[in-house]
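Student: Below is one structure. I have some questions about it.
A short reminder: the numbers here are calculations on the coordinates, not readings from a lab. This one's a predicted model, so the numbers in the text were calculated from it and none came from an experiment. Virtual Cβ from ideal backbone geometry, glycine too; neighbours counted across all protein chains shown.
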Amino acid sequence: MRHRLEAELREAEQELQELELQLEHTKPEFGLGTGSTGFDEWEVNMLRRDTVMARIEALRSALARLEEDQFGRCERCGAKIDPERLEILPTTTLCAECARKARSEAALPGAARSRVGPRR
């Protein structure tokens, strides 16, 4: 798994470098009464950059968990994460059950969510 995570990290870092260059060279120019037709493309690249940066952080975190012998353990309940789940989502920090619970909690309206606390 380490080799896979390291390879994915290298790919993501390369993609980030390419996006940074694109953003640097295609920054739209604006002035009074003028606009750039490339703004939409630039904005999409900004969003892609944010996504790649989040992926890099997740990969670095997964590698750190490997070093700390915590990789494959659910950060919420401490159970082992199913190897098939890790194969599909190598950066996951939650077992399938805790991921389902987290999605359900995130779907609650703000007021109801604030009443949901840790189980005792």
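Student: Just subtract the alpha-carbon distance of ALA79 and GLU97 from 0.36 nm times their residue separation and send over the number in nm, one decimal.
Tutor: That pair, ALA79 and GLU97, stretches by 5.5 nm at full extension.
Student: Amide H to amide H, which residues 5 or more places from ARG73 or on other chains are under 5 Å from it, using H placed in the peptide plane?
Tutor: Those qualifying (amide H under 5 Å, at least 5 residues apart or on another chain) are ILE81.
Student: With 15 Å as the cut-off, how large is the P(r) tail for region 2-71, expressed as percent of Cα-Cα pairs? Could you put the intermediate results ahead of the total?
Tutor: Values: 1458 of 2415 pairs.
Of the Cα pairs, 60 percent sit more than 15 Å apart.
Student: Tell me, VAL44, VAL52 in order of fewest to most beta-carbon neighbours within 10 Å?
Tutor: Ranking VAL44, VAL52 by Cβ neighbours within 10 Å, fewest first, gives VAL44, VAL52.
Student: Something else: Using a 7 Å offset from the Cα along the Cα-to-Cβ direction at both ALA54 and LEU66, what is the distance between the two label points in nm, to one decimal?
Tutor: My value for the distance between the label points is 2.3 nm.
Student: 7 Å from Cα along Cα→Cβ at both PHE39 and GLN17: what's the point-to-point distance in nm?
Tutor: Between PHE39 and GLN17, the simple spin-label model gives 3.3 nm.
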